[in-house]
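Here's the structure we're looking at; comments come further down.
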Amino acid sequence: VSWTSADGWKDRRIEKYGPLQLDPATAVLHYAQEIFEGLKAYKHADGSIWTFRPDQNAARFARSAHRLALPALSVDDFIGSLAALVRTDISWVPDGEDSSLYLRPFMFASEAFLGVRPALEVEYLVIASPVGPYFAGGVRPVSIYVSEQYHRAGPPGGTGDAKFGGNYAASLLPQLQAQKDGFDQVCFLDAATSTYLEELGGMNVFLVMDDGTLHTPELGSILEGITRTSVLRLAADRGYDVVERRIPLAEVASGLESGKIKEFFACGTAAVVTPVGRLAGATFDHEINGGEPGELTMAIRQELTDIQYGRAEDRHGWMRRLA
Ligand code: PMP
């Protein structure tokens with residue numbers, strides 16, 4: 001669907017997948033005025049197709065749009081676009097354990113104009129692709145390097161809490177460096193002081209303490225993950241005290257050393273809940289839980305995927321039927 005400042009949103013359409021033709025002066029190519037979302041469509045045993053908390057993605061998309069000076073898209077249009085795409089051919093949604101149809105809604109400045117001001121022409125699109133399990137051959141704990149050199153986004157007031165491509169562009173070099181050094185993922189610290197744990201390039205992080213509490217970095221300059229919000233809820237349901245706060249890296253390093261931190265996991269739509277088996281930085285390198293997936297980590301992972309695939313009761317009303 002296309003937007004112009006004069007006419008608003010119009011021309012809703014579904015087209016065969018193919019290349020876009022863009023003017024070389026298209027604003028997004030120069031000033032990166034764009035945002036996106038990521039969610040999945042799951043096939044349940046009876047053949048019905050569902051997605052997980054799309055209202056939350058719609059709300060986050062609206063916040064991202066506001067921050068990037070892009071036009072608002074209604075919750076109904078956002079969710080309606082997902083349903084319309086999935087219904088064109090539900091056979092795109094794969095069968096099988098932990099397989100799904102990945103949905104990628106995005107919006108970008110399509111006006112051909114070389115001037116730094118919000119574009120007067122914008123496109124909103126959704127593309128989709130079947131995806132298999134994130135971990136082929138079973139869940140495997142990942143290793144993470146905490147970068148004190150690079151940041152993925154800005155301090156509060158920057159774009160860290162928007163799902164904006166620039167944050168991801170900034171994460172590419174540190175991610176490459178971490179991989180060269182033998183790690184799976186890079187974890188970023190807060191950009192203002194390089195002191196507090198923030199998140200990975202595409203996942204939020206959690207610590208499970210030996211006193212039965214669960215801690216995660218507070219909101220502000222991180223992306224408010226829908227998986228993060230859901231994990232907070234499921235952990236509270238299990239009787240865990242959940243704490244959102246600023247978590248100094250120094251405290252994490254010493255907590256791993258002393259055994260106060262029992263489990264460490266990352267979470268996001270793509271990999272659901274992922275155990276972390278090793279965490280390292282410039283001055284420390286620790287194995288976590290003997291390099292094995294933690295008990296709470298795996299229990300929450302199981303519970304969340306059971307809800308998403310319709311194997312467990314959706315007691316919080318998180319699932320939305322698409323087809
Ligand atoms: N942080 C970042 C930077 C991300 O890109 C993502 C993936 N969207 C997440 C966290 C996790 O968010 P969600 O649970 O909504 O996928």
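Details
- Filter result (of a type in the set (A, V, I, L, M) and either touching a Pro at 6+ places or on another chain (Cβ under 8 Å) or within 16 Å of the ligand (Cβ to nearest atom) (or both)) within segment 243-265: Ile247
- Matching residues, segment 113-147, being touching a strand residue (DSSP E or B) at 6+ places or on another chain (Cβ under 6 Å), part of a loop (DSSP other than H, G, I, E, B) and under 30 Å from Glu287 (Cβ atoms): Pro141
- Number of positions in segment 200-216 that are crowded, with 23+ Cβ neighbours inside 10 Å and without any contact (Cβ under 8 Å) to a residue 40 or more places away in the chain: 1
- Taking each residue of segment 45-74 that is on the phi > 0 side of the Ramachandran plot and looking for partners that are away from the ligand (no atom under 11 Å from the Cβ) with beta-carbon atoms closer than 6 Å, six or more apart or interchain, yields Arg53/Trp318; Ala69/Pro118.
- Cross-chain or 6+ apart pairs with Cβ under 7 Å, segment 236-263 first and more than 24 Å from Arg140 (Cα to Cα), then in a helix (DSSP H, G or I): Val242/Leu232; Val242/Ala235; Val242/Ala236
- Of all residues in segment 136-166, those that are within 30 Å of Gln302 (Cβ to Cβ) and not aliphatic (A, V, I, L, M) total 9.
- Some residue of segment 13-24 being out of contact with any Lys or Arg (no Cβ under 6 Å at 6 or more places or on another chain) and either buried (at least 17 other Cβ atoms within 10 Å of the Cβ) or under 17 Å from Leu304 (Cα atoms) (or both): no
- Scanning segment 27-53 for residues that are farther than 18 Å from His66 by Cβ and either more than 16 Å from the ligand (Cβ to nearest atom) or not assigned by TED's automatic domain parsing to the domain that holds Asp89 (or both) returns Leu29, His30, Lys43, His44, Ala45, Asp46, Gly47, Ser48, Ile49, Trp50.
- Failed condition for Ala235, given (1) of a type in the set (Gly, Ala, Ser); (2) within 20 Å of the chain's Cα centre (by Cα); (3) more than 16 Å from the ligand (Cβ to nearest atom): (3)
- Candidates Asp306, Asp285, Asp314 - the one that is surrounded by fewer than 15 Cβ atoms within 10 Å (Cβ to Cβ), in a strand (DSSP E or B) and either among the polar types (S, T, N, Q) or at pLDDT 95 or above (or both): Asp285
- Residues of segment 64-74 satisfying the condition of being of a type outside the set (Ser, Thr, Tyr) and exposed (fewer than 15 other Cβ atoms within 10 Å of the Cβ): His66, Ala69, Ala72
- Verdict on Val272 being on the phi > 0 side of the Ramachandran plot, surrounded by 14 or more Cβ atoms within 10 Å (Cβ to Cβ), at pLDDT 95 or above and in the same structural domain as Asp181 (by TED's automatic domain parsing): yes
The values are calculated or read from the model by the stated rules, or taken from the named source; none is laboratory data. Values in this document were obtained by computation on a predicted structure and should not be read as measured data. Every residue, glycine as well, gets a Cβ built from its backbone with ideal geometry; the counts of neighbours run over all protein chains shown.
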